[in-house]
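For reference, the structure discussed in these notes is given below.
The values are calculated or read from the model by the stated rules, or taken from the named source; none is laboratory data. Note that the structure is predicted; figures quoted are calculated from it, not measured. Counting neighbours? That spans all protein chains shown, and the Cβs are built from the backbone with ideal geometry, glycine included.
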């Protein structure tokens, strides 16, 4: 089957039910999306499919309906996406393991809702678990990124 | 003891050594000759070749041997060296370095002795020095006990200063300019005419010099980095998905694997049928390991699926099969023969309670998993008589020894490469996952094997925090707390953990009563006794260890007594507290939270205090009792750490500790049925989520002058502050965790 990830189309030979996460990590070597639970409870594996935030651990490779963007495709250390720049500015990460997923969830939120209120941030970000407890800084970074993306 | 005390003062002997094309500087202590037979096994010069600063043609590398588990340890260690070395943080690389006794942790062992952090008397000081010496002799390279900063504060600054002064000497010899006319800045020695000689260019000269050891550490007023917000060295990598964790290891020809062992921890594996698994796509090999089996495949998911398809015959649990049976065992442990300690015994509690109206309560706290978000994982390659291990760990030297024991190789042939950890909270003080991966690698000689635990394997093999019951009695008189008798029954974390490290520690276990016996309260009749429950599910250190639960057991009951006395919860704690820095912490949190003001309808405010790891922490939690349940609105935290090294990381650690403490208190427990943990993933073990997160206001106090770590101390007061706030808002006193067994949360 064919899969477009970060703008590149790959031909892959995997079972139809292999979760997208393991295609990305072990077949394509993209280790930005993380394995945390395997059952859509932690959000560490969050990627975008056609811009929508999706738990890659729980979607079968055959069911991927569009082009996939991982954290590696969002921005790079030399060319940070606005959400990543806000994460750096606020020094959100502690262990950092959940942050790929947090950043992808935030980027999708801000595409749909450029000026989210607190309740909208809570709704969009509460499916992503952080064991280190970086939530206060995630809230602040989402607001900074939103302002930057709106050009205010 | 006296001779050991003398040795302890001989710290900061300094070494430098030429390395290929450059120079390396270290600090180390107890160098030979020392008349101590225990030292004779320590190889000559071993410390000198494992330094903190290495400069060669490729640049400047700072060695940061304490593991970064998310707490920012690499960054703070680098900043301590850089402050004295005079380098900017973008000029250096950090490297965790090889496992070595030179990187012993002098502070962590002191936690094993029953010495209150508030006790600065002769015995306590000698005891702590003894802890340092024990750690040194054992080469105790451990990350834990909130000890990284406390241990490194002088040691790493000294390493930086010695390197700087030696580089100045090298520059003096090269330029002919006297040392006194040379200064340093940003990785170079500055000549009087403004010219510069880079450290890198001076390294070959410095390598031939005796290091300059008569150095003076800089006045804090002159610090450029310490005490100020710094950007974490790993923050860009961790914001772009480019930080390499253990689970991200990739090597040519690497295969993927997972393992399963008896989920009734310690139970035997009687046999298994892997016929179905062997036929599954991608499966390369199924390997029996101690207590179970591993699947080696060409993709982690295929390994997971095949492991699921193995039909195991597990033996029964070597502990009571149900939580009810376990509670029964804990409840039956308040006996004379299971009494483990009585470190606090002020006044005459029995006499005081005999004539008073007795207040009694029983408290319970459950087993809790660490469950770092990155599951246990390691990559191992056995090739040509050499074993390479890539993983995240808090115990590198124990791990090396375990690897040597398992493979029969010499420790010199074990090469451990420490990677960033996706959280730990104490879990990576164990090496089980690495030993399992080594077993797989031994069956795949020449091929690198990356082993990843499924979340379910992780949750069922967590070495959880111990469950506990406390039985408390107390009395009040004239509006004051007069007597407190606290009995705590728990499994021995220290015994369980040190036995697995082959370093059994005899005597009472301080962890059973830590955070309770050592609180700075002058209650006239005051006793704290520990009772040791016989081993059940094996347990280990969980963020803030013994204090994590004892904060709730001690402060929760103290709050009950204060209410019974009709006193103000904050004012009575301050009145009872004899320790000036702790009193300041309580007063600060009162001022921050506007304690005493009307919290408003259906709202309540609770205060709690725990001193742990030498750090007094007071927290005030504000809650609203909504129709849908309790909402946590705000948390105020004041903590005394001597000196805040990095205000941003400090605030992060405090907020994280509070959220850790509150989240687990709200809704987390491990319960058992049929010998199996009933919570195997985050659907049943959630902790706090973002929508539940309160505003957290943090203040660091700097009154004592003794630098302390902050990773753990904010945890213990969080649960009691929440329970005390719920009582204030609802009148409901909850004496069992998790709280959601008794009340809903929004």
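Quick look at the numbers
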{"quantity": "Subset tally (residues that are touching a helix residue (DSSP H, G or I) at 6+ places or on another chain (Cβ under 6 Å), surrounded by fewer than 22 Cβ atoms within 10 Å (Cβ to Cβ) and part of a loop (DSSP other than H, G, I, E, B)) for region B:237-278", "calculated": "1"}
{"quantity": "Unmet requirement for residue B:649, which otherwise passes all of (1) more than 21 Å from the chain's Cα centre (by Cα); (2) buried (at least 22 other Cβ atoms within 10 Å of the Cβ); (3) within 13 Å of chain A (Cβ to nearest Cβ)", "calculated": "(1)"}
{"quantity": "Residue within region B:208-231 that is crowded, with 22+ Cβ neighbours inside 10 Å and within 14 Å of chain A (Cβ to nearest Cβ) present", "calculated": "yes"}
{"quantity": "Selection within region B:532-562 - in contact with a helix residue (DSSP H, G or I) (Cβ under 7 Å, 6 or more places away or on another chain) and either more than 26 Å from residue B:425 (Cβ to Cβ) or not assigned by TED's automatic domain parsing to the domain that holds residue B:477 (or both)", "calculated": "B:559, B:562"}
{"quantity": "Filter pass, residue B:470 being outside the structural domain of residue B:141 (by TED's automatic domain parsing), modelled with pLDDT of 95 or more and farther than 30 Å from residue B:397 by Cα", "calculated": "yes"}
{"quantity": "Selection count where residues are assigned to a strand (DSSP E or B) and crowded, with 18+ Cβ neighbours inside 10 Å, scope region A:5-46", "calculated": "3"}
{"quantity": "Residues located in region B:416-447, provided they are at pLDDT below 95 and surrounded by fewer than 17 Cβ atoms within 10 Å (Cβ to Cβ)", "calculated": "B:417"}
{"quantity": "Counted residues, region B:368-404 - those being touching a helix residue (DSSP H, G or I) at 6+ places or on another chain (Cβ under 8 Å) and part of a strand (DSSP E or B)", "calculated": "12"}
{"quantity": "Test: residue in region B:329-352 that is under 21 Å from residue B:380 (Cα atoms), part of a strand (DSSP E or B) and in contact with a helix residue (DSSP H, G or I) (Cβ under 9 Å, 6 or more places away or on another chain)", "calculated": "no"}
{"quantity": "Qualifying residue in region B:657-665 (condition: in a helix (DSSP H, G or I), within 12 Å of chain A (Cβ to nearest Cβ), under 30 Å from residue B:262 (Cβ atoms) and touching a strand residue (DSSP E or B) at 6+ places or on another chain (Cβ under 6 Å))", "calculated": "yes"}
{"quantity": "The listed residue being buried (at least 16 other Cβ atoms within 10 Å of the Cβ), within 14 Å of chain A (Cβ to nearest Cβ) and touching a strand residue (DSSP E or B) at 6+ places or on another chain (Cβ under 7 Å), out of B:366, B:375", "calculated": "B:375"}
{"quantity": "Residue within region A:27-38 that is touching a strand residue (DSSP E or B) at 6+ places or on another chain (Cβ under 9 Å), more than 9 Å from chain B (Cβ to nearest Cβ) and closer than 30 Å to residue B:67 by Cβ present", "calculated": "yes"}
{"quantity": "All positions within region B:296-319 that are within 14 Å of chain A (Cβ to nearest Cβ), buried (at least 20 other Cβ atoms within 10 Å of the Cβ) and either touching a helix residue (DSSP H, G or I) at 6+ places or on another chain (Cβ under 9 Å) or part of a loop (DSSP other than H, G, I, E, B) (or both)", "calculated": "B:296, B:297, B:299, B:300, B:301, B:302, B:304, B:305, B:306, B:307"}
{"quantity": "For residue B:305: the one exception among (1) under 22 Å from residue B:436 (Cβ atoms); (2) in the same structural domain as residue B:679 (by TED's automatic domain parsing)", "calculated": "(2)"}
{"quantity": "Filter result for residue B:654 (surrounded by fewer than 23 Cβ atoms within 10 Å (Cβ to Cβ) and either facing chain A (nearest Cβ under 7 Å) or in contact with a strand residue (DSSP E or B) (Cβ under 8 Å, 6 or more places away or on another chain) (or both))", "calculated": "no"}
{"quantity": "Any hit, region B:685-692, residues being over 20 Å from residue B:649 (Cα atoms), in the same structural domain as residue B:562 (by TED's automatic domain parsing) and touching a strand residue (DSSP E or B) at 6+ places or on another chain (Cβ under 7 Å)", "calculated": "yes"}
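Okay, residues lined up against (1) free of Cβ contacts under 8 Å to residues at least 40 places away in the same chain; (2) in contact with a strand residue (DSSP E or B) (Cβ under 8 Å, 6 or more places away or on another chain); (3) surrounded by fewer than 23 Cβ atoms within 10 Å (Cβ to Cβ); (4) within 30 Å of residue A:44 (Cα to Cα):
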| position | (1), (2), (3), (4) |
| --- | --- |
| B:465 | no, yes, no, yes |
| B:486 | no, yes, no, no |
| B:496 | no, no, yes, no |
| B:504 | yes, no, yes, no |
| B:528 | no, yes, no, no |
| B:551 | no, yes, no, no |
